[in-house]
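Trainee: First the structure, then my questions, so here it is.
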Amino acid sequence: MVLVTGGAGYIGSHVALALIDSGLRVLIFDNLETGHRETVDTLMRVKPGAAEFLLGDLRNPADVAQIFKKYKIKAVMHFASNICVEESVQNPTKYYNNNLIGSLNLVDGMIKNGVKAIVFSSSAAVYGQQKYSPMDEKHPQNPVNPYGHSKLIFEEILRRYDELCGLGSVCLRYFNVIGADKAGRIGEWHEPETHLVPNLLTASETGGLFQLYGNDYDTVDGTCVRDYINVEDLADAHMSALNYLMDGGASDSFNLGSAAGHSVGQILAACEKVTGNGVNVEIQGRRSGDPAILVADNRKAKDILKWTPKRSLEDSIDTAHRWSRRLASEIRRR
Ligand code: UFG
């Protein structure tokens, strides 16, 4: 059985779905603080008996002990964490506590129970301000917020646990994840939503204002450039990482991005094309901590994990759009 911590959240749930689809049994562990019970219920319905759910908090060692007491875990996919960059600056203790103490309890439980493989959800935020573009894994690491710092520290801790205890780990550094399950069962669902694509889609559906943070950057059209990667492509990379570890691959870190940069203006135009609606834009000042350009060099993941992103930007926005409509019209109203 594969343990998926944070399996009720956006990325964790898409990876859980990929694991179930590949015929593996999955234990979803989540405290449902930001994840959704509805998402868990959907995952449990995909294939009867393939998924189980355990409500618990990694910060509580007794909850972690329960996992390994009740279930025979073969490997771990670790997503449970707080993810808002701005909130991490305002409340660093919350981020260090949840993202580090919880993760340490998890690793402790793994070691005590002989579980030797973990795929860790890391972030491009471990790099901080970019010194060159595209960024490879050797790019200097100077995270500019506690969120990115917590991810970097845990990557380092995992490396030590490999040396000391033989714990195999793959750290996956995500760039900007977008899109949804193509069958429309699950998708991005943050409360409140801060991310670009869902905010653009909501504005285009409701006629509300979209706040664009900064049009005076040194980029193609003055707006920030990011590397947008489809969530199902990301799930494929997690499957490759798990197989790599199970085949005895060495612990390592990989960028997961598409290697293509798109500006906020270009994403806005793509959303308008997919939805057929214009977006009302209000230009705001720059959002603090936003680097001008973040684009991945993804060759290492391609070479070593044998992974290639396949979905187009339009496909990603299309699946996100279908999910966003379902969320607004059906799921949030339940
Ligand atoms: N943006 C807007 N308006 C919005 C939302 C976003 O203009 O309503 C802009 C942002 O200023 C930024 C771009 O759209 O230029 C992308 O913003 P997102 O909030 O969607 O994503 P970020 O690049 O800020 O953050 C992502 C992940 C984080 C991760 C970070 C790593 O969501 O979890 O990359 O750098 F930490």
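The values are calculated or read from the model by the stated rules, or taken from the named source; none is laboratory data. Bear in mind that the values here come from a model prediction, so they are computed numbers and not experimental data. Heads up, the Cβs are rebuilt from the backbone with ideal geometry, glycines too, and the neighbour counts pull from every protein chain shown.
Trainee: Being surrounded by 13 or more Cβ atoms within 10 Å (Cβ to Cβ), away from the ligand (no atom under 16 Å from the Cβ) and in a loop (DSSP other than H, G, I, E, B) is the filter here, so list the residues in the stretch 241-279 that pass it.
Mentor: Of everything in the stretch 241-279, those that are surrounded by 13 or more Cβ atoms within 10 Å (Cβ to Cβ), away from the ligand (no atom under 16 Å from the Cβ) and in a loop (DSSP other than H, G, I, E, B) turn out to be GLY249, SER251, ASN277.
Trainee: Confirm whether LEU152 is crowded, with 17+ Cβ neighbours inside 10 Å, within 13 Å of the ligand (Cβ to nearest atom), without any contact (Cβ under 8 Å) to a residue 40 or more places away in the chain and among the aliphatic types (A, V, I, L, M).
Mentor: Yes; evaluated as a whole, the condition is true for this residue.
Trainee: Given the conditions (1) of a type in the set (D, E, K, R); (2) within 16 Å of the ligand (Cβ to nearest atom); (3) surrounded by 15 or more Cβ atoms within 10 Å (Cβ to Cβ), report the number of the one that GLU86 does not fulfil.
Mentor: (3)
Trainee: Kindly indicate whether ASP108 is surrounded by 16 or more Cβ atoms within 10 Å (Cβ to Cβ) and farther than 26 Å from HIS195 by Cβ.
Mentor: For ASP108, the condition - surrounded by 16 or more Cβ atoms within 10 Å (Cβ to Cβ) and farther than 26 Å from HIS195 by Cβ - is not met.
Trainee: Within the stretch 285-306, how many residues turn out to be in a loop (DSSP other than H, G, I, E, B) and within 17 Å of the chain's Cα centre (by Cα)?
Mentor: 2
Trainee: Same structure again: Give me the residue from the stretch 309-334 that is outside any helix (DSSP H, G or I), at pLDDT 95 or above and over 17 Å from the mean Cα position of the chain (by Cα) and, out of that set, surrounded by the most Cβ atoms within 10 Å (Cβ to Cβ).
Mentor: SER312
Trainee: Looking at the stretch 46-70, I want the residues that are in a loop (DSSP other than H, G, I, E, B) and have a partner that is surrounded by fewer than 16 Cβ atoms within 10 Å (Cβ to Cβ) with Cβ atoms under 6 Å, at least 6 apart or on another chain. Which pairs are those?
Mentor: ARG59/ILE101
Trainee: Taking the conditions exactly as written (within 16 Å of the ligand (Cβ to nearest atom), farther than 27 Å from LYS138 by Cα, at pLDDT 95 or above and outside any helix (DSSP H, G or I)), does GLU282 satisfy them or not?
Mentor: Criteria met by GLU282.
Trainee: Look at ALA235 and say whether it is in a helix (DSSP H, G or I) and closer than 17 Å to SER122 by Cβ.
Mentor: In short, yes.
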